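Just below is one structure, and these are the notes that go with it.
Every number here is computed from the coordinates shown, using simple stated rules; none is lab data. As the structure is a prediction and not an experimental result, all values here were calculated from the model. Virtual Cβ from ideal backbone geometry, glycine too; neighbours counted across all protein chains shown.
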Amino acid sequence: MEACGLIVEYNPLHNGHVYHIQQAQKLTGSDCTIAVMSGNFTQRGEPAIMDKFSRTKAALSAGVDLVVELPFLFAVQHADLFAKGAVSILEALKVEHLVFGSENGSIASFHQALKEREKNQSAFETVLKQQLENGFSYPEANRAAYELAGINSTLDLSSPNNILGFAYLRAAKALDSPIKVDTIRRIQAGYHEQSITGPIASATSIRSAWQDEKSREVKAAVPEKTFELLGTEELHSWESYFPLLRYLILTRPAEALHQIHGMDEGLEYRFKKYINQSLNFQQFLSLIKTKRYTWTRLQRVCVHLLSNTQKHLIHEYLGAAVPYIRILGMTKNGQAFLSSRKKQLDIPLYTQLKDGMHPVADIELQATDAYYSILPPEVAAASRRQEISPPIFV
């Protein structure tokens with residue numbers, strides 16, 4: 001069986017994602033479609049609106065054959081580490097293709113940008129370091145480094161999906177992977193678009209519309225299964241976690257906050273300074289945000305604080321390869337793919353997570369407990385039991 005890999009979050013799965021699935025299948029002619037999906041927290045540092053099991057159900061109903069989890073350790077990180085984790089899982093599964101959606105839509109532009117980057121690597125790193133020392137955020141410093149280092153590229157690396165796609169290509173190159181990487185152009189809605197204007201809308205606009213109780217607008221932009229799940233599942237947003245986040249910041253000394261992953265350069269003192277001046281999460285981030293600290297970076301730090309993700313654990317395991325593959329759900333076709341590749345796997349295949357299996361799994365379960373902590377105890381306990389249940393089968 002030939003397989004096509006997708007790297008996704010489905011927060012929530014919408015019509016644009018269905019288009020991506022269908023076009024990837026058409027482009028590659030693969031027999032099986034595999035989604036590597038972030039768990040309960042996303043790459044931009046947000047609690048997923050629905051938990052990973054609900055999002056797995058939506059993915060399987062939309063044409064995906066196998067959903068595997070991108071461990072929390074890699075999922076809530078900047079683009080390069082996120083890509084490293086996801087691509088290494090696809091490589092471990094011996095997947096032949098990787099197709100991502102991008103604003104550019106031409107894989108040739110990505111290859112050309114990578115070639116230019118490698119040719120000017122030394123100058124790029126020098127400029128990047130200077131820009132960071134001058135107080136610019138990493139995305140701003142990265143863009144400046146491309147320009148000032150003389151990298152001649154037509155690829156717009158300020159666009160979110162272009163950034164991630166470029167990271168996927170770099171990760172595949174670093175792994176010396178035979179995976180054939182390709183891209184399709186995102187259609188209609190932009191990544192950050194705030195309102196639903198048609199059947200293809202951004203996940204951002206869908207989350208916003210649902211929270212504003214505009215269900216009719218949402219229904220037009222998502223598959224039937226996603227709409228059904230949105231109406232029956234406990235939904236998550238940062239504002240729900242703010243009281244808990246506030247408690248953690250107020251009751252922990254700055255020295256303890258400094259041990260949290262991402263809490264660097266005295267950021268813990270800004271957290272302590274502004275928490276009592278904030279009435280909600282939106283206001284809190286607005287107060288601590290600076291030119292150097294982007295909204296996304298600060299959200300990631302908040303996720304790591306909420307889940308008590310310590311620097312020493314992250315640094316110990318983030319540099320290594322993904323230690324296992326965790327199956328969230330599959331179809332009969334996905335099950336057949338796993339049977340055909342099982343003997344070729346070099347790392348363990350898990351269908352459930354339990355305490356003590358591996359330090360990376362322990363970090364995952366810690367983040368899971370943080371995610372469900374805002375729910376009533378009986379609901380949280382039932383949700384947590386999904387971790388030790390068999391994969392979802394459609």
Note to self: Within region 98-136, take every residue that is in contact with a Ser or Thr (Cβ under 8 Å, 6 or more places away or on another chain), of a type in the set (A, V, I, L, M, F, W, C) and in a helix (DSSP H, G or I) and give me the one that is surrounded by the fewest Cβ atoms within 10 Å (Cβ to Cβ).
What the structure shows: ILE107
Item checked: Members of region 18-38 that are surrounded by 24 or more Cβ atoms within 10 Å (Cβ to Cβ) and either at positive phi or in contact with a Lys or Arg (Cβ under 9 Å, 6 or more places away or on another chain) (or both) -> MET37, SER38
Check: Quick check, is ASN15 surrounded by 23 or more Cβ atoms within 10 Å (Cβ to Cβ), in contact (Cβ under 8 Å) with a residue 24 or more places away in the chain and polar (S, T, N, Q)?
Finding: no
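Condition check ((1) in contact (Cβ under 8 Å) with a residue 60 or more places away in the chain; (2) buried (at least 21 other Cβ atoms within 10 Å of the Cβ); (3) of a type in the set (Asp, Glu); (4) under 20 Å from GLY135 (Cβ atoms)) across all residues:
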{"position": "GLU265", "(1), (2), (3), (4)": "no, no, yes, yes"}
{"position": "PHE271", "(1), (2), (3), (4)": "no, yes, no, yes"}
{"position": "SER278", "(1), (2), (3), (4)": "no, no, no, no"}
{"position": "VAL301", "(1), (2), (3), (4)": "yes, yes, no, yes"}
{"position": "LEU305", "(1), (2), (3), (4)": "yes, yes, no, no"}
Checklist line | Residue identified as in contact with a Phe, Trp or Tyr (Cβ under 7 Å, 6 or more places away or on another chain), closer than 29 Å to THR33 by Cβ and part of a helix (DSSP H, G or I) among SER340, SER383 | finding: SER383
Margin query: Kindly evaluate LEU229 against the criterion of being out of contact with any Gly (no Cβ under 6 Å at 6 or more places or on another chain), in a helix (DSSP H, G or I), surrounded by fewer than 15 Cβ atoms within 10 Å (Cβ to Cβ) and of a type in the set (A, V, I, L, M).
Written below: no
Notebook entry, point to check: Can you name the residue in region 365-380 that is part of a helix (DSSP H, G or I) and hydrophobic (A, V, I, L, M, F, W, C) and is also surrounded by the fewest Cβ atoms within 10 Å (Cβ to Cβ) among such residues?
Noted result: VAL379
Notebook entry, point to check: What tally of residues in region 236-247 results from selecting those that are surrounded by fewer than 19 Cβ atoms within 10 Å (Cβ to Cβ) and not polar (S, T, N, Q)?
Noted result: 5
